[in-house]
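Below: one structure, written as structure tokens.
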Amino acid sequence: MDEKEAKKEITRLKSDINYHNYRYYVLDSPVVTDAGYDRLMRRLEELESKFPQFVTPDSPTRRVGAAPLEAFGTLKHTFPMLSLNNAFSVDEVADFDERIKRYLKTDPGTDIEFAVEPKMDGLAVELVYEDGFFTAGSTRGDGYTGEDVTQNLRTVRTIPLQLAPDIRKKVSPPKRLEARGEVFLPLDSFKKLNAEREKKGEPVFANPRNAAAGSLRQLDPKVTAARPLDIFCYGVGSVEGAEFRTHFESLEFLKSMGLKVNPFAKVVKGIKAVLEYHEEMEKKREELDYELDGVVIKVNSLELQERLGVLTRSPRWALAYKFAPKQESTRVVDIEVGVGRSGALTPVAVLEPISVGGVTIEHATLHNQDEVDRKDVRVGDYVVVQRAGDVIPEVAYVLKEKRPAHTKPFHMPDKCPVCGSFVEKDGAIHFCTGGLACPAQLKESIRHFGSKRAMDIEGLGGMHVDQFVEAGRIKDVADLYYLGKEDILSLERWGEKSADNLMKAIEKSKHPTLERLIYSLGIHGVGEHMAKVLADKFGDLKSLMEATEEDLLATHEIGPETAASILDFFREKHNLTVIEKLKMAGVEFPVKKKKEGGRFAGKVFLFTGGLESLTRDEAKDLIEAGGGEAAAGVNKKVDFVVAGAEPGSKLEKAKKLGLKIIDEEEFKRMAGK
Ligand code: IVH
């Protein structure tokens, strides 16, 4: 293929992909299969790698790829990004209507034409397109200058990198367009993001708006790209090469350019219709996948807008009519503790039922013990609850002045309320250690157990797990190995062949490596890597199960929290029963040979005091690389005590036990350094 042909095909591919993106993301009505789309993308990638001279920034292959920034630059808005006056009552909206008529000297009986739109609760941005290409994007900032978040906005799929993507319509883009809109995080993405953060012990976002702002203001565009942000454009800041008579026409224009405009925007006449729209949207809001905090009312005629002008920082021709607040006060009747699928314990306030923004609330999440402590929520307290992001209601704060006498601070239970297993704390999160047997965690533990990198049971998809658990066929992971073909066939959608295949896959999984076996147990804090570390160190499951805290802490990379989590896991009778059941079912518990023949094979070292030329971790690495072990405390098994500067009481003890004491130099010599 020569250059000319390549260039032509690249141009065609880009325009096709751009169109399919638009159909998929903006219109939500794709006209190509996923496989067909992937083929186009792969072909484009292939050509671009062969002919890098034709790679342009608007290429759909270049949405994510910019390097992380040190800090954001700034961008000036050609026209200031104004804010809106707020109204909270019918009277205030009527005042707005009257003010307009008085100002324009229109007959009070005439109905003004308004464009009405949902008020999205996200953050305002400006998108700049030059000759149809997305060239810059910024936040509102102080209204005059915003932050340059171009690279992050490029990752938002509903922002076209090139205008007029609809190849069926022969529209050409304007010379320059500054479009304005609201970037937001859809509610389900917000929920997912917070669930992940909670699992990792990271602070959760209070609401979708904060999550959207936090996601857009990431210095690394890859982080932004992983958060499925979305946008609705609601206005034109300025345009060269197009003209409109009304605000609604400008929205139609944005739409024709491939930008996403809220489908509920419309034109109405007179204040009565505005109030009806507000009522309608307040109901609609409950069904939407994004947050609204009101409706925006704009005088539709641009000529009238011009005459009305701007008052300090908000226009006289627009108003935000807010919805009823989603905060109310009520009393905490009890604090219950729920157990999530991952085993995390969540305190939940049981409330005297209260209607918040039209929905009755009886429970509110308190997230975790740290949050309860921070807000100091107690049974009997009067609290303000809010529906954060229309998701799970939460306790915003306590009305301390109304606190009754004799309330007590809340403490997490030390046993799982579902299965009675021990409760362990990791960061901010308390979790149940009965991972293999706790009913609350059953589906998740089976899914993890059968997953590709654990026991790798092919065909045990997420839906099947639900099916087996809900039909009562599996009560713990070991039950998988006791399933008969008849059990499988008795469930819906299973046939001879698929049942046979699953039986085979289960049988095949009976011979895991030791690391996979350890990983599949789902011990909190033991991921794939840690499973390998444990397999290398202990060599078989029994030794790991019998390991003491000291043994675990002496293992490089294992800190006190992971050690405690492992100890608790194997202390838990429920888990031991399941492990025994696995063994009885014929699951192999392999033995892994420890490293032998190293210079430190079988030798145990203990450090006390500071080392000069090595960190403790480096020293531990040296020992483990040589097949030796690093101990955490003084005991008779220690072969060498390495005494550094200012050794502590360990040295005294070691001397009493008559252990061999060496210095750092000697240790380095032994390690061949
Ligand atoms: S118009 C002068 N329309 O609300 C007009 N704003 O409180 C200024 N917003 O900064 C904005 N949905 O972030 C407009 N349909 C909508 C909107 C909207 C949400 C946000 C926007 C603005 C803030 C003003």
### Query
Residues that are closer than 24 Å to GLY602 by Cα: which helices (runs of 4 or more DSSP H) entirely in region 474-564 hold 2 or more of them?
514-520, 528-538, 541-546, 549-553
### Query
Restricting attention to region 365-421, which residues are closer than 28 Å to ARG341 by Cα, more than 28 Å from the chain's Cα centre (by Cα) and open to solvent by 40 Å² or more (accessible area, probe 1.4 Å)?
ARG378, VAL379, PRO409, ASP414, LYS415
### Query
So is GLY627 without any contact (Cβ under 8 Å) to a residue 60 or more places away in the chain, in contact with a Lys or Arg (Cβ under 6 Å, 6 or more places away or on another chain) and open to solvent by less than 80 Å² (accessible area, probe 1.4 Å) or not?
yes
### Task
Considering every residue within region 289-305, establish whether at least one is surrounded by fewer than 14 Cβ atoms within 10 Å (Cβ to Cβ), modelled with pLDDT under 95 and either among the basic types (Lys, Arg) or within 36 Å of the chain's Cα centre (by Cα) (or both).
yes
### Only one of ARG331, ARG374 that is free of Cβ contacts under 8 Å to residues at least 12 places away in the same chain and more than 16 Å from the ligand (Cβ to nearest atom)
ARG374
### Message
Every residue in region 259-283 that is modelled with pLDDT under 95 and open to solvent by less than 60 Å² (accessible area, probe 1.4 Å), please.
### Response
GLU282
#### Entry: Number of the exception - LYS192 against (1) at pLDDT 90 or above; (2) more than 16 Å from the ligand (Cβ to nearest atom); (3) open to solvent by less than 30 Å² (accessible area, probe 1.4 Å)
(3)
## Note on the structure
Taking region 402-423 and keeping residues in contact with a Cys (Cβ under 8 Å, 6 or more places away or on another chain) and of a type in the set (A, V, I, L, M, F, W, C) leaves CYS416, VAL418, CYS419, PHE422, VAL423
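Per-residue answers, yes or no, for (1) assigned to a helix (DSSP H, G or I); (2) modelled with pLDDT under 90:
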{"residue": "TYR25", "(1), (2)": "yes, yes"}
{"residue": "ASP28", "(1), (2)": "no, yes"}
{"residue": "VAL32", "(1), (2)": "no, yes"}
{"residue": "ARG39", "(1), (2)": "yes, no"}
{"residue": "GLU48", "(1), (2)": "yes, no"}
{"residue": "VAL64", "(1), (2)": "no, yes"}
{"residue": "LEU69", "(1), (2)": "no, yes"}
### Task
Within region 79-87, identify whether any single residue is open to solvent by 80 Å² or more (accessible area, probe 1.4 Å), under 39 Å from the mean Cα position of the chain (by Cα) and closer than 30 Å to ASN152 by Cβ, and answer yes or no.
yes
#### Entry: Subset of region 599-613 [assigned to a loop (DSSP other than H, G, I, E, B), open to solvent by 30 Å² or more (accessible area, probe 1.4 Å) and of a type outside the set (D, E, K, R)]
ALA601, GLY602, LEU611, SER613
#### Entry: Filter result (open to solvent by less than 30 Å² (accessible area, probe 1.4 Å), among the hydroxyl-bearing types (Ser, Thr, Tyr) and either more than 30 Å from the chain's Cα centre (by Cα) or within 16 Å of the ligand (Cβ to nearest atom) (or both)) within region 129-154
TYR129, SER138, THR139
### Query
So which residues in region 436-466 are more than 20 Å from GLY338 (Cα to Cα), buried (at least 17 other Cβ atoms within 10 Å of the Cβ) and more than 24 Å from the chain's Cα centre (by Cα), if there are any at all?
MET455, ILE457, LEU460, HIS464
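Do we have any residue at all in region 333-341 that's open to solvent by less than 10 Å² (accessible area, probe 1.4 Å) and not small (Gly, Ala, Ser)?
The answer is no; no qualifying residue exists.
Answer yes or no as to whether SER509 is more than 28 Å from the chain's Cα centre (by Cα), over 18 Å from VAL339 (Cα atoms), open to solvent by less than 20 Å² (accessible area, probe 1.4 Å) and modelled with pLDDT of 90 or more.
So SER509 passes the test.
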## Note on the structure
How many residues of region 60-78 are within 15 Å of the ligand (Cβ to nearest atom) and surrounded by 14 or more Cβ atoms within 10 Å (Cβ to Cβ)? The answer is 1
### Task
Return the total of residues in region 106-122 being open to solvent by 20 Å² or more (accessible area, probe 1.4 Å) and either acidic (Asp, Glu) or at pLDDT below 95 (or both).
8
### Task
For residues that are part of a helix (DSSP H, G or I) and not charged (D, E, K, R), scanning just region 50-59, find the one that is most open to solvent (accessible area, probe 1.4 Å).
GLN53
### Query
Out of region 88-98, which residues are assigned to a loop (DSSP other than H, G, I, E, B) and either open to solvent by 60 Å² or more (accessible area, probe 1.4 Å) or within 30 Å of GLU45 (Cβ to Cβ) (or both)?
PHE88
### Message
Step by step: first the residues of region 317-327, then only those that are in contact with a Gly (Cβ under 9 Å, 6 or more places away or on another chain) and either near the ligand (Cβ under 10 Å from one of its atoms) or of a type in the set (Phe, Trp, Tyr) (or both), then the one that is nearest to ASN85 (Cα to Cα). Which residue is that?
### Response
ALA320
### Query
Has region 229-240 got any residue that is in a loop (DSSP other than H, G, I, E, B) and buried (at least 16 other Cβ atoms within 10 Å of the Cβ)?
yes
### Message
So if I check each of LYS636, LYS620, LYS656, which one is open to solvent by 50 Å² or more (accessible area, probe 1.4 Å) and closer than 19 Å to GLU549 by Cα?
### Response
LYS636
### Query
Considering GLU113, GLU126, which residue is more than 16 Å from the ligand (Cβ to nearest atom), touching a Gly at 6+ places or on another chain (Cβ under 9 Å), under 30 Å from HIS278 (Cα atoms) and in contact (Cβ under 8 Å) with a residue 12 or more places away in the chain?
GLU113
### Task
Could you check, for region 30-43, whether at least one of its residues is in contact with a Leu (Cβ under 6 Å, 6 or more places away or on another chain) and within 30 Å of ALA124 (Cα to Cα)?
no
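The values are calculated or read from the model by the stated rules, or taken from the named source; none is laboratory data. Small disclaimer: the values here were computed from a predicted structure and weren't measured. In this analysis, Cβ positions are derived from the backbone assuming ideal geometry, glycine residues included, and neighbour counts consider all displayed protein chains. All accessible areas refer to the heavy atoms of the entire protein, side chains included, with ligands and DNA or RNA removed. Shrake-Rupley method; radii C 1.70, N 1.55, O 1.52, S 1.80 Å.
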